[in-house]
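One structure is given here, and the rest of the page talks about it.
The values are calculated or read from the model by the stated rules, or taken from the named source; none is laboratory data. Computed from a predicted model, the values in this text were never measured in an experiment. Here the Cβ positions follow ideal geometry from the backbone for every residue, glycine too, while neighbour counts run over all protein chains shown.
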């Protein structure tokens, strides 16, 4: 009788599952942000009140869940999750930023500005995130056919973070639109 040559044949199911879970890259870690997204680690005006700390953490978790939905193209669900995160903790700047991004993706440009203003207010001490706010504002202005306003927002983004790729690409697009024909 020949031994079975399948690597996990006859092994208990939990061994197979454990091997699968331990292999690198097999299972994404839920706490990891979508590709290229910074971690959600800072809420301004964090409270030391234990009754509020749980709400802050729950709000951050909801925001992260919303980012995953947004990345998978489930914009309606993402928008609802971001609104719930804001209702749990109204000082969560990330929920405002991603709600604005959701509205931008849904082409509801006018409704993108109020949450973006809130994000800007709460992120005032974080240059990297402020650059993201201004770059998104630039994309919205660009979508609204306001190239001068968009250029201004992209330049502002680059003053906060000279490596912001969205702002660089936005400025390139604006330059190509306004470049005279040769």
* **Failed condition for residue 130, given (1) outside the structural domain of residue 58 (by TED's automatic domain parsing); (2) surrounded by fewer than 17 Cβ atoms within 10 Å (Cβ to Cβ); (3) within 25 Å of residue 72 (Cα to Cα)** => (2)
* To do: Please find, among 90, 114, the residue that is at negative phi, free of Cβ contacts under 8 Å to residues at least 60 places away in the same chain and not in a helix (DSSP H, G or I).
  => 90
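Let's see how each residue does on (1) at pLDDT below 95; (2) touching a helix residue (DSSP H, G or I) at 6+ places or on another chain (Cβ under 6 Å); (3) assigned by TED's automatic domain parsing to the domain that holds residue 79:
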site	(1), (2), (3)
107	no, no, yes
111	no, yes, yes
139	no, no, no
142	no, yes, no
146	no, no, no
157	no, yes, no
167	no, yes, no
